[in-house]
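Since the structure comes first, as structure tokens, the remarks are kept for the end.
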Amino acid sequence: MGKFELKLPKMGESVAEATVTSWLKEVGDTIEADEAVLEIATDKVDSEVPSEVDGVLVEKLFDVDDVVQVGQTIAIIEVEGEGSGNDDTPTTSTVETKPEPEMVAAVEENVETAKAATQPAIENSGDRFYSPLVKNIAKEEGIGQAELDAIQGTGKDGRVTKNDMLSYLENRGETKTQPTAQPHTAEGAKSPETAKAQPKASQPSKAPVVASGEDEIIEMTRMGKLISHHMVDSVQTAAHVQSFIEADVTKIWNWRNKVKNDFAKREGEKLTFTPIFMEAVAKALKDFPMMNISVDGDKIIKRKNINLGMAAALPDGNLIVPVIKNADQLNLVGMSKQVNDLANRARVNKLKPDEIQGGTYTVTNVGTFGSIMGTPIINQPQVGILALGAIRKVPAVIETPDGDFIGIRYKMFLSHSYDHRVVNGALGGQFVKRVADYLEGWDENRDV
């Protein structure tokens, strides 16, 4: 019998670790190749880890809620034959098999190393929340918990922001000989020396939330907590400004009604309004490439690819944003297939981590829930997000060579939120106007 090490697979460029949320198999269970062994969660998406071999689960190296690094061994599977069966382990008959005691010792060493790596370096301190970005900076720069707690925050409620961290690191060398953190008093307050050197930011007192016996207390889900923190971080980071424009989409409404049945028969896909809107946004981003950017401190990163995020509602009420990569290179048929596939798999939690990252601009359809407009929060590190309002049948003034008259038109509001740090009102307004122009100029004789 041989041993196979099941490792946490690579799940995208920016995903370095995952949390074990549940084990689908127990020690002693028989496992088939491609069968899910456990469920994991990253800061991007929930996923399953399948087995690469047939065998029997003999050891679980992590418990539920443990954090695992990409590439670490998470379970041992006993397989028929000799050798571990991993891609990086020789398995030919000419290679001598590692003795069993040696294998056990190696596994035990891996377990100890993995457990040591899962120990969190930075934790939230009381009511003080640290964003994942701040924690990552602290980890990379070797800033410990006590040192981080001593940094003065300029964010809302005294939170430490990215700029606070960068500012602190610039001056860190000057105070290197000083203790990184002053001792705390019994009540948890900083010593007078620390308080004098770093005046504590004034924090508004929070009204206590009292639940009566008749109230129901609901614990936020893991994804709900991540979304909450992500939204707060975005509001604290970007200077949100909105521009609104109303678009006449009567031509699109009539054209879709004319072609949707033939499209469904030929492509096996429903033709919704979403891919039409996404196509218009992708065209506008090509026209205004400075909307397809990100901000990194004092630098602007101009993205080469146009990757459109598409906010999708989940059954539990949360939102997830799958990404359509290179959206400007897709025709309407390809866009429709991408939109439908990502939306369908999002609803059943089958998205891969790589499919919800790398977005450069996001579109959210608030009209799905009947809203005529919205003021969405920017999905960091992007600088813009477009909300699509509900399509309404309204009376409107129609201009003709013979004069103006009142007619029934299909109209919708486009709400554009953008980061005023790098996107001024002219660019933000011109961009959303260009999207509306593409929608209103739709060719009713277009083939699909």
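Throughout, read-outs are computed from the coordinates displayed, never taken from laboratory work. Just so you know, these numbers come straight off a predicted model, no measurement behind them. Please note: Cβ atoms are built from the backbone with ideal geometry, for glycine as well, and neighbour counts cover all protein chains shown.
Database remark: amide H of residue 241 closer than 5 angstrom to the amide H of 418, 420 (H placed geometrically; neighbours at sequence offset of 5 or more, or on other chains; Pro and chain starts carry no H). Here the residues 438, 130, 361, ranked from fewest to most Cβ neighbours within 10 Å of their Cβ, fall in the order 438, 130, 361.
For segment 220-371, what is the percent of antiparallel DSSP beta bridges, rounded to the nearest 5?
75 percent
In this structure the amide hydrogen of residue 37, modeled in the peptide plane, comes within under 5 Å of the amide hydrogens of 49, 51, none closer than 5 places in sequence on its chain. Here residue 17 and residue 214 are evaluated by their C-beta separation; at R0 = 45 Å the FRET efficiency comes out at 0.65. Looking at segment 290-327, the trypsin sites (Lys or Arg not before Pro) that sit in a DSSP loop and have at most 13 other Cβ atoms within 10 Å of their own Cβ are 304.
Note on 42, 368: ascending count of other Cβ atoms within 10 Å places them as 368, 42, the fewest first.
For the residue pairs 270/325; 139/162; 283/304; 225/325; 258/433, the alpha carbons lie more than 18 Å apart in 270/325; 225/325; 258/433.
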